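Report on the following structure.
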Amino acid sequence: MVSTDTVDVLIAGAGPVGLTAAVELRRRGIGCRVVDRLPERLPYAKAVGIQPRTLEIWDRMGLVRAALEAAVPMLGQLTYVNGAERPRIELALPPEVPYGFAALPQYETERILDEFLARFGSRIERGTELVGFAQDADGVTSRLVTASGAQEEVRSRYLVGCDGAHSAVRKGLGLGFEGGAFPEEYMLGDVELDWDMPHGYGVRAMHLGADGAVDDVLVCIPLPGHGRYRISSMVPPELRTAARPESGDGVAHGLDGGAGPSLSHLQDVLDRLAPRPATASVLRWSSVFRISHRIVDRYADGRVFVAGDAAHIHPPTGAQGMNTGIQDAYNLAWKLALAIQGGARPELLASYDTERRLVGVEVVGRTVRHAAEGVQADPDDPGTVMLREAQLLIGYRGSPLVGPPEEGGDGDGPRAGDRAPDCGGLTGHIAAHPLRLYDLLRDRGHVLLLYAGGDGEPGGTGADDFPALAATARDVSLGRVATCVVLPDAAPAGADDTMTLPVYRDRRGEFARQYAARGRTAFLVRPDGYLSARLQPPTAGELASRLALVFQV
């Protein structure tokens with residue numbers, strides 16, 4: 001056994017979830033190693049849907065441009081039942097949401113994250129498998145087997161399992177993974193289609209039998225490339241894998257290692273169900289897959305954590321899986337970084353399970369319902385459904401890291417625990433062009449936004465105490481909170497001339513409208529883009545108490 005130097009964090013699994021955790025840790029100066037048992041990236045378009053919330057996270061991380069240039073827009077879905085067209089679903093979001101829905105093959109997502117990680121001098125250790133670990137009060141000792149067959153021992157402060165549905169980390173912790181499996185099997189194919197369907201729209205065509213149940217289905221998702229789609233459908237009898245043994249942990253999920261469908265199998269489905277004549281060609285890859293719905297009983301045990309498919313698996317309805325895992329990783333990474341750097345409350349890392357497991361439970365339950373009944377059966381209004389599918393309604397009200405959700409003002413606008421919305425029209429002293437609020441949050445940790453109310457607004461006007469509030473934030477957080485001041489456009493000329501803090505004018509009134517800011521208000525934004533606090537009017541004592549929920553005072 002060969003010992004190596006201690007690393008801050010060892011990450012098992014180099015899919016989108018593990019790479020997100022690694023990038024965020026390295027961005028924050030934390031040392032980590034990423035190991036993956038696969039010798040190379042798989043060229044499969046598995047998870048392809050990119051949600052608007054994921055793009056917001058990538059914006060904050062500084063890599064969204066590469067994703068936008070590689071992806072294609074998802075504009076909506078065309079639905080057909082027994083050949084008859086049903087109402088079109090438009091993936092429309094409110095104008096203040098900065099990004100729409102997109103499609104990107106998983107291997108492209110991994111490439112973008114991998115290349116971004118390389119900027120920080122880190123690389124994936126391919127062909128290296130985690131085969132065991134043990135933790136104690138001070139860290140985790142992991143056993144690895146490298147591509148050459150050599151055994152290696154790694155000592156880390158924390159271990160993060162992003163190693164998929166058959167996670168060695170989850171099994172090593174002995175976590176429960178309760179749920180069930182769908183009896184149906186499906187097949188996937190990455191092909192080019194010659195047809196005249198509208199660009200940017202997914203297609204779902206179903207056939208209902210005499211009993212009203214779906215007995216045949218075709219789903220086509222557009223991918224980057226001329227006429228390229230990932231198509232899925234029920235598997236034909238000759239490709240069924242039910243008789244094959246499951247993996248050692250009894251979890252039937254994901255791509256099967258057996259024979260995949262041929263081009264003729266996929267063409268048969270198109271001939272039966274495609275709403276217009278379609279010819280498939282250029283089969284890049286294909287597979288049979290199965291679906292389970294499971295979730296762990298806890299996301300962490302001591303210094304070991306699980307994220308993504310290692311923690312929750314569910315139907316692919318609404319492209320929730322990978323996106324939920326990416327948010328798991330981002331939520332965990334900033335907390336790990338703060339804990340390793342020092343100054344964090346001991347309870348900070350425990351909040352990962354508190355916040356993310358509730359999200360996982362909701363996503364698993366919702367996707368199972370939608371798989372059985374369709375998204376259209378959701379009882380909420382279409383606008384709410386769309387925001388939820390975009391993962392823009394995820395929040396952490398009630399989390400131990402945020403203040404009471406009812407705090408501050410008259411109840412309008414985002415509260416503590418809610419996602420911090422974007423807005424435009426912010427102008428500074430030097431830049432001639434207006435900025436988005438997300439421009440101010442990018443590549444930062446916690447950010448304190450101080451809004452100075454306009455004349456006649458409740459809560460008072462002026463910003464005389466803003467330097468003192470900024471000093472409180474700086475002192476409590478050991479310098480880890482950045483501060484920006486937002487002035488209403490109606491603020492008197494010269495109101496910002498003596499301000500020593502960065503000042504931006506809300507020229508279009510978008511900040512005041514999106515945040516329902518009607519007087520002197522402080523908004524504390526977490527590194528993952530959620531509000532830790534909304535204080536109206538703010539005081540140094542109240543701000544310090546909110547910061548003390550995260551930082552060790």
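Once semi-axes √(5λ) of the Cα gyration tensor in Å is worked out from the coordinates, which option in [x] 45, 31, 25; [y] 48, 24, 23; [z] 42, 30, 20 does it equal?
Recomputing semi-axes √(5λ) of the Cα gyration tensor in Å here picks out [z].
What number comes out for the charge environment of PHE551, summing +1 per Lys or Arg and -1 per Asp or Glu over other residues with Cβ under 9 Å away?
Neighbour charge sum, excluding PHE551 itself: +2.
Of all the accessible heavy-atom surface of segment 464-528, with the other protein chains kept in place and a 1.4 Å probe, what percent is carbon and sulfur?
Accessible surface attributable to carbon and sulfur in segment 464-528 totals 49 percent.
Could you order TYR504, TYR80 so the one with the most accessible surface comes first? Probe is 1.4 Å.
Descending order: TYR504, TYR80.
In whole Hz, with x marking every Gly and Pro, tabulate ³J(HN,Hα) for segment 70-80 from phi via Karplus 6.51 cos²θ - 1.76 cosθ + 1.60, θ = phi - 60°.
After applying 6.51 cos²θ - 1.76 cosθ + 1.60, I find 8, 8, 10, x, 9, 8, x, 9, 9, 10, 10 Hz.
So if the hydrodynamic radius of segment 140-194 is defined as the Kirkwood radius over C-alpha pairs, what does Stokes-Einstein give as its diffusion coefficient at 37 °C and 0.692 mPa s, in µm² per second? Could the numbers behind the result be given before it?
Values: Rh = 15.3 Å.
Result for D is 214 µm²/s.
With a probe of 1.4 Å, find how much accessible area segment 288-340 has per residue, and write the answer as a whole number in Å².
In whole numbers, segment 288-340 has 18 Å² accessible per residue.
Where does the chain land at 222 nm, in deg cm²/dmol rounded to the nearest 500, when only DSSP H runs of n ≥ 4 count, each adding -39500 (n - 2.57), divided by all residues?
About -8000 deg cm²/dmol.
Just check segment 86-188 against the gyration tensor rule for me: Cα atoms, a ≥ b ≥ c as the square roots of the eigenvalues, rounded for a/c under 1.5, and otherwise prolate or oblate depending on whether a/b exceeds b/c.
Prolate, since a/c reaches 1.5 and a/b exceeds b/c.
Quick check on segment 467-550: what are the equivalent-ellipsoid semi-axes from the Cα gyration tensor, as sqrt(5λ), descending, whole Å?
In descending order, the three semi-axes are 22, 15, 11 Å.
Per-residue HN-Hα couplings for segment 166-171, Karplus 6.51 cos²θ - 1.76 cosθ + 1.60 at θ = phi - 60°, whole Hz, x for Gly and Pro?
Values per residue, Gly and Pro as x: 9, 3, 5, 5, 4, 5 Hz.
Evaluate the Kirkwood expression for the hydrodynamic radius of segment 289-397, namely the inverse of the mean inverse distance over all pairs of different C-alpha atoms, and round to one decimal in Å.
Averaging 1/r across every pair of different Cα atoms and inverting gives 14.9 Å.
The values are calculated or read from the model by the stated rules, or taken from the named source; none is laboratory data. Everything numeric in this text was worked out from a predicted model, so none of it was measured. Every residue, glycine among them, receives a Cβ derived from its backbone with ideal geometry; neighbour counts consider all protein chains shown. Heavy atoms of the whole protein, side chains included, go into the accessibility calculation; ligands, DNA and RNA do not. Shrake-Rupley method; radii C 1.70, N 1.55, O 1.52, S 1.80 Å.
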